[in-house]
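Encoded as structure tokens, the structure appears first; notes follow it.
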Amino acid sequence: MTGEARPSGSAVERLTRMGARLLHTPMSGADLCGTDRNTPGAHPCSQYVIRENAPLIVPDVEADPRLRDDPAVREHETIAYAGYPLRSPDGEPVGAFFVADVVVRQWSADELADLLALAEAAEAAATETSLRIAYGEAQLALARQQWLLETTDDAYIALNTDGRISGWNAASEQLFGWSAAEATGQVTTELIVPPRFRNVHEQRLAEARRIGTSELVGQRLELAATDRAGREFQVEMTLQTELVHGQPVFHMFLHDISARIAMQTALEDERAFLQALLDSMEAGVVACDSKGKLAQLNQLLTKIHGLGVEPVEPEEWPATYYLFEADGQTLIRPRQDPLARAYRGEIVQHQDIAIVPPGRSPHILLTNARPIKTKDGRCLGAVAVHHDVTESRRAERLRRCRHAVANALSEAISAQEAGVTAVEAVAAEMQWACAQYWEVDEKRDRIIRIGSWARPGTDLAPFDGTDQLAFIRGESVPGMVWEHDHEIWTTDLLHGFADVGRLPLGHRLGLRTAFGVPVHMGHRVAGALAFFADTEIPRDDEILTMLQSIAGQIGRFMERRRAEDLTLALAAARRDFNRVVEQVNDCLWTVEMTPSGEVLSQYASAGGRGVFGGVIPTDSDMALTFGNLVHPDDRQLFELYHERALSGLPTEFEARVIGFDGITRWVWTRGTPRHEDGHLYIDGISTNVTERRELADQREQLLAQEQQQVHRLQELDRMKDELVAVVSHELRNPIAIIAAHTEVLMDEPDLAGQAELAAIERTIAHLVHLVDDLLDVARFDSGQANIDLRPLRLDRLLHRAVQEHQHGADAKPVTLVTEIDALPVVPGDAHRLRQVLDNLLSNAVKYTPPSGTITVTAHATDDTAVVRVTDTGIGIPADEYPKLFNRFFRASTATSRKIKGTGLGLTVVKAIVDAHGGTITAEPAPGGGTRFTLTLPR
């Protein structure tokens, strides 16, 4: 305490000490000033409190420009300061009551309140009584503090300067096993610190005694401790210090965190195990949590993406992780990402995606994904497993290319055909935009396009038209291949060659990659294969190797074909004939009809096995052989056929034949006579038509069965309609009697207003409506409904209907909006059309929630009047619209909300509209709800 005037000094001193204890500060005091307001020897910060007659609360003097630049403050050891002015009864400042700390400190509201109370007590310390009251309040605060320490769940230990225990609450006794009496006065190092940490503990105590505080103050520390039984466990400690008589006193708050540490360790072990398991998988794995945030990305997928788990929303996954459709060109829509689909609850199987990160190799992934759910159905997130099928798909594609080329070359009959079909097969399989086959002409001054192929749907006509095209050496892709006699590959169609030829035109049409390989015949370039893609494809040596192999096959093909042109032409013609014959299941044959009546075989194809059950012998009379095979019941047909053939006329017959294998088949035989060098030959075909005959028989049987079924269904439908009509008609009288008695009862004074009678009345109205609908359906189905067509003003009828439904709309409430043009006169039944409008309007009111809107519009076209009723109601699922006008059908959106209805109203509406020659349709309304459109002819 400093200053000139010190009234009741002992009381003020006790208050300052109390402030130090309550606020745990090393400095506390009351600076009083004289009449000139000078405060010699006072705390340097107190002059600001006295001068400004206002509190000064500073957590860090370095953060306050006034104090930071004050030399007296800068030389003082104070870091944090809190002071209140002491005022005389007339309000003039006479001093300052303060506490200060040597560390940065955020003064809490409770601390400032305690400090203010002490300042007010000091201000009133002019008398001993005021001091006693202030001291009593301080003692009460200390008692409250002691009570809190004894009842808190945390162990509290107070240490004096030499490290001996001076405070030990009940929680400490429970945690460590030592009573307060046993612990008080003991050295903490020996009582609760494990032996291996005791030296460090003593060193920190010595350092704290030396500097008056500890660097650990205010921190949450995890330490090892031991209890009375020697058990070592983990605790979390918070340390506070205060200076008492210039010596530090330590306050420690501790609680056992062994369970938390064990749980954290187990969780970290599980995570490490899971990550190691995922990283060891040969498939990429990605998972998200219940909030849709990415939570896991294994090592394989990280290598493919070049990215780890990024804090992005599901909508950003495709763009962030370069997710494309299987074509590698189209970015996947966010809702089609497999993980996003699984997060929404879908189970995804075998979805192909491509990952195409910039500067990295693209990958094709076969993906399965599913949501992660607990047994009780809670969603914990989703997981997707990606199998890298890039190499297998690539190998399969190249294999298919080679196979397609092999097939093309095996079927080609000329070198030019081989080249054209080969490049077409390769480009089609690899999905390139265009392929061309070129040959060097005989003069070897030009390379000429022999043929080309463009991918279906790709318009390259200006670049790859049908006109003959030729280049000189070094011009465009084929000319460069010819000039340099090796493969080329470029993604720069505008500047990739010295002479780009037509490539700029191809670039304008979307081509981005061009490559080609030479075709050799001997040691010379005989041609070139040129390919074009509409995407940028990096040079691929494996593809070039495949193309060089194909070019080599074509070159060898050219050499072989040119050496054997004449032989090849003859062989090709024979091969074509044999190919046709081998691919038909018929038996082709030629016989000679000799003058003696014998029938000698000249030729029989291999198809005879499927027709006659074996090989037809060629060393016997074919008439006898074939006649013996014909079923006895059909031999007369064969004899007529034979007689007609002998006469030299075309003929045919169809008969059952018992084959060489004993199986009876239906065989259709046709023969055409041919005269050659005085001989009569018959060229014929015999076809196995057993399946056709059997199918015809089965078709007749099925047709008869189907007609019987249709008759039964029609009869059942008629009986059902009659039953509905009879039941509905029979219900009307009982309902009418119940309604009449109900009206009588409701007129009775004693029963008027009874809820039960009102319920009966509502039920009767519902039943009457149901019966009327059933009768209407039955009448329309049976064609007995009467439609009285008369000239009708539809707009007036529509206005009346809207007015009568306005009350119901207001009661809900929903907004009823009309946009009804003047409509021409239409032929119609006013009663029935009003029934249609009432049904549409009542449905709109029923299925539109409060505050919704119903819009009724009407306009005329050249030959129709159109009425639309649009609501913003609960709507109808898209797949249910086709069934909306079916009898008894109700939309799932209505049944799920338990909205009452019969499912007959719209059936009756459609029947009435159909009877008027009009149409009624339903569709989703823009922005939600349903729109019904009624069209009537004028």
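The values are calculated or read from the model by the stated rules, or taken from the named source; none is laboratory data. Since the model is a prediction, treat every value here as computed from it, not as a measurement. Because the Cβ atoms are built from the backbone with ideal geometry, glycine has one as well, and the counts that use them run over all protein chains shown. Side chains included, ligands, DNA and RNA excluded: accessible areas come from the protein's heavy atoms. Shrake-Rupley method; radii C 1.70, N 1.55, O 1.52, S 1.80 Å.
Worth pointing out:
Residue by residue, here is whether (1) in contact with a Cys (Cβ under 6 Å, 6 or more places away or on another chain); (2) open to solvent by 50 Å² or more (accessible area, probe 1.4 Å); (3) within 23 Å of TRP147 (Cβ to Cβ) holds:
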position: GLU173; (1), (2), (3): no, yes, yes
position: GLU190; (1), (2), (3): no, yes, no
position: ALA225; (1), (2), (3): no, no, no
position: VAL235; (1), (2), (3): no, no, no
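- Count of residues meeting criterion [at pLDDT below 90, surrounded by 15 or more Cβ atoms within 10 Å (Cβ to Cβ) and not basic (Lys, Arg)] in segment 79-89: 1
- Here SER686 does not fit the description of being free of Cβ contacts under 8 Å to residues at least 40 places away in the same chain, open to solvent by less than 70 Å² (accessible area, probe 1.4 Å) and either within 24 Å of GLY607 (Cα to Cα) or aliphatic (A, V, I, L, M) (or both).
- When segment 646-667 is limited to residues that are open to solvent by less than 50 Å² (accessible area, probe 1.4 Å) and over 23 Å from GLY614 (Cβ atoms), the one that is modelled with the lowest pLDDT turns out to be GLY648.
- Count of segment 641-679 residues which are assigned to a helix (DSSP H, G or I), touching a strand residue (DSSP E or B) at 6+ places or on another chain (Cβ under 7 Å) and either farther than 24 Å from ASN585 by Cβ or among the hydroxyl-bearing types (Ser, Thr, Tyr) (or both): 3
- Residue that is modelled with the highest pLDDT, among those in segment 125-149 that are more than 59 Å from the chain's Cα centre (by Cα) and under 30 Å from GLU207 (Cβ atoms): GLN146
- Residue match in segment 473-485 (condition: more than 30 Å from GLU559 (Cα to Cα) and open to solvent by 10 Å² or more (accessible area, probe 1.4 Å)): no
- Scanning segment 62-90 for residues that are among the small types (Gly, Ala, Ser) and either touching a residue at least 12 places away in the same chain (Cβ under 8 Å) or not assigned by the TED database to the domain that holds TYR48 (or both) returns ALA72, ALA80, ALA82, GLY83.
- Segment 423-443 residues that are on the phi < 0 side of the Ramachandran plot and open to solvent by 30 Å² or more (accessible area, probe 1.4 Å), paired with ones that are aliphatic (A, V, I, L, M) and in a helix (DSSP H, G or I) (beta carbon under 7 Å, 6 or more apart): GLU429/ALA404
- Whichever residue in segment 844-875 is open to solvent by 30 Å² or more (accessible area, probe 1.4 Å) and in contact with a helix residue (DSSP H, G or I) (Cβ under 7 Å, 6 or more places away or on another chain) and, among such residues, is farthest from PRO924 (Cα to Cα): TYR847
- A count restricted to segment 93-115 and to residues that are in contact (Cβ under 8 Å) with a residue 60 or more places away in the chain and farther than 17 Å from GLU242 by Cα stands at 5.
- Inside segment 447-472, residues that are open to solvent by 70 Å² or more (accessible area, probe 1.4 Å) and of a type in the set (S, T, N, Q) make up a count of 2.
- Across segment 562-610, the qualifying residues are those that are modelled with pLDDT of 85 or more and not in a strand (DSSP E or B), and the one among them that is surrounded by the fewest Cβ atoms within 10 Å (Cβ to Cβ) is THR594.
- Residue selected from segment 25-46 under the condition touching a strand residue (DSSP E or B) at 6+ places or on another chain (Cβ under 8 Å) and open to solvent by 50 Å² or more (accessible area, probe 1.4 Å), by the criterion modelled with the highest pLDDT: GLY41
- Long-range neighbours under 8 Å by Cβ, at least six apart or interchain, first residue in contact (Cβ under 8 Å) with a residue 12 or more places away in the chain within segment 190-203, second surrounded by 14 or more Cβ atoms within 10 Å (Cβ to Cβ) and of a type in the set (S, T, N, Q): ILE192/THR226; VAL193/THR226; PRO194/THR226; HIS201/THR188; HIS201/THR189; GLU202/THR189
- Residues satisfying the stated conditions in segment 331-341, i.e. within 20 Å of GLY306 (Cα to Cα) and out of contact with any helix residue (DSSP H, G or I) (no Cβ under 6 Å at 6 or more places or on another chain): PRO338, LEU339
- The requirement of being touching a residue at least 60 places away in the same chain (Cβ under 8 Å), closer than 18 Å to ARG370 by Cβ, surrounded by 13 or more Cβ atoms within 10 Å (Cβ to Cβ) and not aliphatic (A, V, I, L, M) is fulfilled somewhere in segment 273-286, by at least one residue.
- Remark: pairs (first residue in segment 820-843, over 15 Å from THR935 (Cα atoms); second residue open to solvent by 30 Å² or more (accessible area, probe 1.4 Å) and at pLDDT 90 or above; Cβ separation under 7 Å; 6+ apart in sequence or on different chains) = LEU841/HIS805; SER842/HIS805.
- Residue check, ARG209 open to solvent by 70 Å² or more (accessible area, probe 1.4 Å), modelled with pLDDT under 85 and charged (D, E, K, R): yes
- Helices (runs of 4 or more DSSP H) enclosed by segment 326-432 - at least 2 residues per element that are under 19 Å from LEU297 (Cβ atoms): 338-343
Let's see how each residue does on (1) among the hydrophobic types (A, V, I, L, M, F, W, C); (2) out of contact with any strand residue (DSSP E or B) (no Cβ under 9 Å at 6 or more places or on another chain); (3) farther than 22 Å from ARG393 by Cβ:
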position	(1), (2), (3)
ARG271	no, yes, yes
CYS288	yes, no, yes
THR320	no, yes, yes
GLU325	no, no, no
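- PHE250 passes every criterion in (1) touching a residue at least 12 places away in the same chain (Cβ under 8 Å); (2) open to solvent by 60 Å² or more (accessible area, probe 1.4 Å) apart from (2).
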